[in-house]
Amino acid sequence: MTLRMKQALIAALGLLFMVSLIFVQWMEVARRREEAGVSVKRVHAPASSAACVECHAKVSTGIIDHWKGSTHAEKGVGCVECHQAGDADVDAFQHYGATIATIVTPKDCSRCHRTEADEFMASHHAKAGNILASLDNFLAETVEGAREPFSPHSPTLGRNITMVNGMASAESGCKQCHGAKIALESTDGALITVDDLKPNEDGIPTARDVAARVKRNEEGRPMLHSSSWPNTGIGRLNLDGSRGSCSACHSRHDFSPRRARQPENCGKCHLGPDHPQKEVYEESKHGVAYRDLFQQMNLDAKDWVLGVDYSQAPTCATCHMSGHSRNGGKITHDPGRRISWTNRPPVSLVMDTDARGAVVKTADPEKRREEVKSTWQEKRDQMTQVCTHCHAQNYVTAFYRQYDDFVLNYNEKFAKPGQQLMAALRQAKLITDKEFDEEIEWTWFYLWHHEGRRARHGASMMAPDYAHWHGMYEVAERFYVEMIPQARELARHAESEGKTEEAKTVLTVIDAILARPEHAWFESQKAEKAATP
Amino acid sequence: MMTRLAAWWRERVPVSGVQLRELTNEPVPNHLKKWWFALGGTPAYLFVVQIVTGILLAFYYQPAPSTAYESIRFITQDVAYGWYFRSLHKWGATFMIAAVILHQMRVYFTCAYRRPRELNWVIGMCLLMTTLLTGFTGYSLVYEQLSYWGAQVAANISNAVPVVGGVAKHMLLGGEVYNERTLPRLYILHAAVLPTTIVLLVIVHVAFIRVHGVTELRFPDEDVAKPSHYDFFPDHLYTELSIGLVLMILLSAVSTIFPAMIGPKADPLTTPEVIKPEWFFYVSFRWLKLFSLTFAVLSTGFIVLAMFAWPWIDSALRRLTGSDDASVYIGIVATFLLVGLTVWEAVVEH
Amino acid sequence: MAEHGEARGRVSDGGEPDGGEPNGRRLFLRAAMGGGLAAGYGTFAMMAGKFLYSGGGSAVGWQFVATVDSVGIGESIAYAAPNGAKLVVTRQSEGETADCFTALSSVCPHLGCQVHWEPQNERFFCPCHNGAFDREGNPTEGPPLAARQILTRFPLKVENGLLYVETPLTTLADAGDAEVRGAAPGGPIG
């Protein structure tokens, strides 16, 4: 090789080396870009919370670890940003130089997350605390326990039990999902709740005298009563007048959107014999696809928009809350916005809602037109937008026809007759006004509250076994084999006691129901058999 | 102005270009135009690459158990081009050791170590040992699981050497066990002691070559009429420059395609399920698994000693067998053994 | 290198058959070789420089300060950065954008004392040597005015009605225990 060629070769190789370095540079840029998206993020405690983090990392490692994994930590939102309280807040106390409160309410969260809090406040979720005086609660508070503490039946070995808290079932059961009415202990031994404090718009109690009676421990910390705390029920009635708890879904202290997007999160409450939405979902093709593909579903994505970030399968959040490509990725914190039937009451109602988000129940067409601010059809259209990310429009339309038919069949064949029968019994005074003190009241409750809801939820979310065997089959059995015979028995018993008139009214109602074509099959042959000697 | 400046310079540095040229201009035998005879320059070039990248990495590396791993992570993930320079350093080491071994094999099979070049062979062996040690200490600095356990195992192997083993282990670890003063030791060995040793050895190595001249080889197909030598400068320098550039391109390519990763951080309480040293220790690692520790260590020591003494063993063999090629046959067997053991270790998990 | 070679070219190239080569062509090849080497190793050197200079991932980050609507016009809030640096964040005007705010270091550029806002005088005042700054951080009195030293400004941004400031995150004190999270599973590290 001549020197000339060598020189040329070196020139060429030098340039090639540069080209390879340019490739290295390109890799570097690509890597940086990728890194900016997902991978390593460093977390530094904001100075305002540095002391909290240092101490709590030792005394309660878990909450600090969770927080370090949160977006809050990344963006410099520490402990005091959420826990800070005003001096006038009834549950505020001094904690190493900071004025804080234990419970962080949606009002606190709304300091930054205004829209989310507003949507949530308008939702049925936020009203879950209303149960605290309703029928279901009568079950837990009276039937399962007792409203007043009672003395023990006999001694408990090794413990000195003098009184039993009859509200225990409500506290560990109902309230953990529905939300407790947060209560502070008072110096006079009573409990102080939002009802006593009468907070103004800023959450500051107007009943100053009540606020002054709050009992504090030796550190000066207001004492939350164990009947109401710990509690992250979604309709919690907070001391500042706000309702609900954001951590019901966005578990503290990592406030993970990822977790809120997963069905397991909703499954804390939406499961069981009376509203098995989680199980219904798991049985459906939607749930099966999710279980298979969740790792590809980008659950960590910033906005998690259906049709943009993922489309493998829907979770609860996907259909009821999350943004999708057809609505500009707009998420709602009101899960009722896309629901067209409410299957909660004994008889399903269409979701024509008023300004406060409540279902309009008046029959007067004029009044309806006036009160309804959002129709069930609008809500169904919103849900359809989600469905059509994977299904054709005519598929969705036909599905909704199946679903409507199912709900109407339940409503008209069992729910409305059942309601009519119960009303007749009560009116004829064959049963008392008190719930659950007669067998037929339990029967009716099972029919609509457990089996009827299971059936409707099964149909609404494509779980055939829930629609049929766990649902309509049991509804029918309950109706024909228990409710009708029990009602007749009540009537016969009344007759034997001389209440002929009352018994007759009830029997007429029963016969009228069973004479309808959809029920005629039940006694037609028995009647023939009875007629032939 | 320029002439005055040049005059000023010449007065202070009274070395002319011609003098410099004569100083460096060793006539180079023609066979060095074939690349496999120029393999001695390759490790030298790679050594320079290692020094440059090593200095760059040293700006960020922190040799303490609490910081080492994080600083490596920082270099790899956060510093601009950090992954590239770290990968260059890693692959440079691999290439360098490979080049040293190839160079040595070339010298061995062409019997270039024979009289009067025996001592340069010994220097070369010293260079091989130092290079391997540098590779080992460098790998230990990453402080990932395999680095940590590699160092641990190696220290205990040296412990098995009779008489001096315990002292060697204590010197290497700075104590009886791997402790917080071990990493600084490994670091100073890797970044100061061993490189300096290499530089000094290379100087002696090259000086010997200059004194003896490069071993002359003539191939039967060569044209006798052509000059048998060419100039080191600039002709051979150009060759070396081309080789250098090719090496840089290769290194950049493998560094980009197979960048250096970080394994899990060292955990002194858990030995990983699969533990392997760097590839150049596969042979001795496999050897260790085949025999008892004492035998393996002693036999390895014996083999290394024999390699050091090969020029004299070779002359004894020649006298004994009367053949010139005994060493070559032994070399072929040894090569197969080396490659075989390395491949064996590479393909199995345990 | 090419230059040295030229000076001695005649002797060294003696054995090569390029003596009759036109001078321009030889010069060009030499320049090309020099250029090739410079291009390759020069780029390498530039990357090495960047490696040494960068110091790696940014030690600054966007940190939440306050909600935009919680700060009234002219109102200042004290914000402490994760590294302990004290900042004064002031709303300068009505509006929802970052331009309506300033985030000034409260360290006096003169000798490092802490300045504070005096609402009655509408100025930041440093009690050590009577230095004063207006609400934008420009010096108005005392040694800082003489030396034309302004209060350091930190970048601000507004997202969803929340005000963020870009501040240093670490100090020497917490070197080494920076928390790392969420490396993508199985993601490449190099």
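The values are calculated or read from the model by the stated rules, or taken from the named source; none is laboratory data. This structure is a prediction, so every number in the text was calculated from the model and none was measured. When we count neighbours, we look across all protein chains shown, and the Cβ atoms used for this are built from the backbone with ideal geometry, even at glycine. The accessibility values were calculated without ligands, DNA or RNA, using every heavy atom of the protein model including side chains. Shrake-Rupley method; radii C 1.70, N 1.55, O 1.52, S 1.80 Å.
Go through the stretch A:402-455 and give me each residue that's closer than 26 Å to A:Tyr466 by Cα and among the β-branched types (Val, Ile, Thr).
A:Val407, A:Ile440, A:Thr443
Just wondering, is there one or more residues in the stretch A:400-418 that are touching a Cys at 6+ places or on another chain (Cβ under 7 Å), over 30 Å from A:Leu507 (Cα atoms) and modelled with pLDDT of 95 or more?
There is no residue in the stretch A:400-418 that is touching a Cys at 6+ places or on another chain (Cβ under 7 Å), over 30 Å from A:Leu507 (Cα atoms) and modelled with pLDDT of 95 or more.
Take residues that are in contact with a strand residue (DSSP E or B) (Cβ under 9 Å, 6 or more places away or on another chain) and at negative phi and tell me which of the helices (runs of 4 or more DSSP H) falling wholly in the stretch A:106-194 contain 1 or more. If you could, list the steps in order and put the result at the bottom.
On the way: elements: A:106-109, A:114-121, A:135-138, A:175-178.
Result: A:106-109, A:114-121, A:175-178.
Rundown of residues vs (1) surrounded by fewer than 18 Cβ atoms within 10 Å (Cβ to Cβ); (2) more than 30 Å from A:Gln312 (Cα to Cα), yes/no style:
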site: A:Cys390; (1), (2): yes, no
site: A:Ala398; (1), (2): yes, no
site: A:Gln420; (1), (2): yes, yes
site: A:Gln427; (1), (2): yes, yes
site: A:Arg456; (1), (2): no, no
site: A:Met462; (1), (2): no, no
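Just one of (1) assigned to a loop (DSSP other than H, G, I, E, B); (2) away from chain C (no Cβ under 14 Å) trips up B:Trp287, so point out which.
Every condition holds for B:Trp287 apart from (1).
Could you check the stretch A:65-81 and list, in sequence order, the residues that are among the hydrophobic types (A, V, I, L, M, F, W, C) and either buried (at least 22 other Cβ atoms within 10 Å of the Cβ) or part of a loop (DSSP other than H, G, I, E, B) (or both)?
A:Trp67, A:Ala73, A:Val77, A:Cys79
Anything in the stretch B:59-70 that is in a helix (DSSP H, G or I) and open to solvent by 40 Å² or more (accessible area, probe 1.4 Å)? List them, or say none.
Across the stretch B:59-70, the qualifying residues are B:Tyr69, B:Glu70.
Could you grab the pairs with beta carbons closer than 6 Å, sequence gap of 6+ or different chains, first residue in the stretch C:38-49 and under 18 Å from B:Tyr45 (Cβ atoms) and in a helix (DSSP H, G or I), second one hydrophobic (A, V, I, L, M, F, W, C) and at pLDDT 90 or above?
Every condition considered, the pairs that remain are C:Ala48/B:Leu56.
Restricting the stretch A:252-280 to residues that are free of Cβ contacts under 8 Å to residues at least 60 places away in the same chain and of a type in the set (S, T, N, Q), which is farthest from A:Arg213 (Cα to Cα)?
A:Gln262
Of the residues B:Leu250, B:Leu298, B:Leu305, which single one is in contact (Cβ under 8 Å) with a residue 40 or more places away in the chain, more than 14 Å from chain C (Cβ to nearest Cβ), part of a helix (DSSP H, G or I) and surrounded by fewer than 17 Cβ atoms within 10 Å (Cβ to Cβ)?
The unique qualifying residue is B:Leu298.
Restricting to the stretch B:313-340, name every residue that is within 20 Å of B:His103 (Cα to Cα) and touching a residue at least 24 places away in the same chain (Cβ under 8 Å).
Correct list: B:Asp314, B:Ser327, B:Val328, B:Gly331, B:Thr335, B:Leu338.
I'm checking my understanding of the structure. Among residues of the stretch C:66-97 that are surrounded by fewer than 20 Cβ atoms within 10 Å (Cβ to Cβ), free of Cβ contacts under 8 Å to residues at least 24 places away in the same chain and more than 10 Å from chain A (Cβ to nearest Cβ), which one is nearest to C:Lys157 (Cα to Cα)?
C:Gly95
Restricting attention to helices (runs of 4 or more DSSP H) lying wholly within the stretch A:449-533, give those where 1 or more residues are of a type in the set (Asp, Glu).
Values: elements: A:453-460, A:464-467, A:473-477, A:484-496, A:500-515, A:517-531.
Hits in the stretch A:449-533: A:464-467, A:473-477, A:484-496, A:500-515, A:517-531.
Scan the stretch A:341-354 and give yes if some residue there is over 30 Å from A:Leu421 (Cα atoms) and either open to solvent by 60 Å² or more (accessible area, probe 1.4 Å) or touching a residue at least 40 places away in the same chain (Cβ under 8 Å) (or both), otherwise no.
No; the residues of the stretch A:341-354 include none that is over 30 Å from A:Leu421 (Cα atoms) and either open to solvent by 60 Å² or more (accessible area, probe 1.4 Å) or touching a residue at least 40 places away in the same chain (Cβ under 8 Å) (or both).
Going by what's in this entry, would B:Ala151 be described as modelled with pLDDT under 90 and open to solvent by less than 50 Å² (accessible area, probe 1.4 Å)?
yes
In the stretch A:206-229, what residues are of a type in the set (Val, Ile, Thr) and surrounded by fewer than 17 Cβ atoms within 10 Å (Cβ to Cβ)?
If the condition is that a residue be of a type in the set (Val, Ile, Thr) and surrounded by fewer than 17 Cβ atoms within 10 Å (Cβ to Cβ), then A:Thr206 is the only one that fits.
Determine, yes or no, whether B:Val193 is of a type in the set (A, V, I, L, M, F, W, C) and either surrounded by 15 or more Cβ atoms within 10 Å (Cβ to Cβ) or at pLDDT below 85 (or both). Full working, then the answer.
Numbers: of a type in the set (A, V, I, L, M, F, W, C): yes; either surrounded by 15 or more Cβ atoms within 10 Å (Cβ to Cβ) or at pLDDT below 85 (or both): yes.
So B:Val193 passes the test.
Contact list please: Cβ distance under 7 Å, first residue in the stretch A:314-335 and without any contact (Cβ under 8 Å) to a residue 24 or more places away in the chain and closer than 11 Å to A:Val386 by Cα, second residue open to solvent by less than 30 Å² (accessible area, probe 1.4 Å) and of a type outside the set (D, E, K, R), pairs at least six apart or on different chains.
Qualifying pairs under 7 Å: A:His320/A:Pro335; A:Met321/A:Thr332; A:Met321/A:Pro335; A:Gly323/A:Val305; A:Gly323/A:Gly329.
Could you identify the single residue in A:Val475, A:Val509, A:Val481 that is farther than 28 Å from A:Lys278 by Cα, within 35 Å of the chain's Cα centre (by Cα) and not charged (D, E, K, R)? Quick ask: steps written out before the conclusion?
On the way: A:Val475 fails: farther than 28 Å from A:Lys278 by Cα; A:Val509 fails: within 35 Å of the chain's Cα centre (by Cα).
Residue meeting the stated conditions: A:Val481.
Write out, first by first residue and then by second, each pair whose Cβ atoms fall under 8 Å of each other, whose residues are 6+ apart or on separate chains, and whose first residue, in the stretch A:51-68, is within 14 Å of another protein chain (Cβ to nearest Cβ) while the second is aromatic (Phe, Trp, Tyr) and open to solvent by 60 Å² or more (accessible area, probe 1.4 Å).
A:Ala51/A:Tyr96; A:Cys52/A:Tyr96
Going by what's in this entry, would A:Asp89 be described as at pLDDT 90 or above and outside any loop (DSSP other than H, G, I, E, B)?
On the way: at pLDDT 90 or above: yes; outside any loop (DSSP other than H, G, I, E, B): no.
Taking the combined requirement at face value, the residue does not satisfy it.
Within the stretch A:435-447, can one find any residue that is polar (S, T, N, Q), open to solvent by 70 Å² or more (accessible area, probe 1.4 Å) and either at positive phi or in a helix (DSSP H, G or I) (or both)? Give the steps one after another, and end with the answer.
So the first thing to find is which residues in the stretch A:435-447 are polar (S, T, N, Q), and the list is A:443.
Pick out the ones that are also open to solvent by 70 Å² or more (accessible area, probe 1.4 Å) and you get none.
No, because not a single residue in the stretch A:435-447 is polar (S, T, N, Q), open to solvent by 70 Å² or more (accessible area, probe 1.4 Å) and either at positive phi or in a helix (DSSP H, G or I) (or both).
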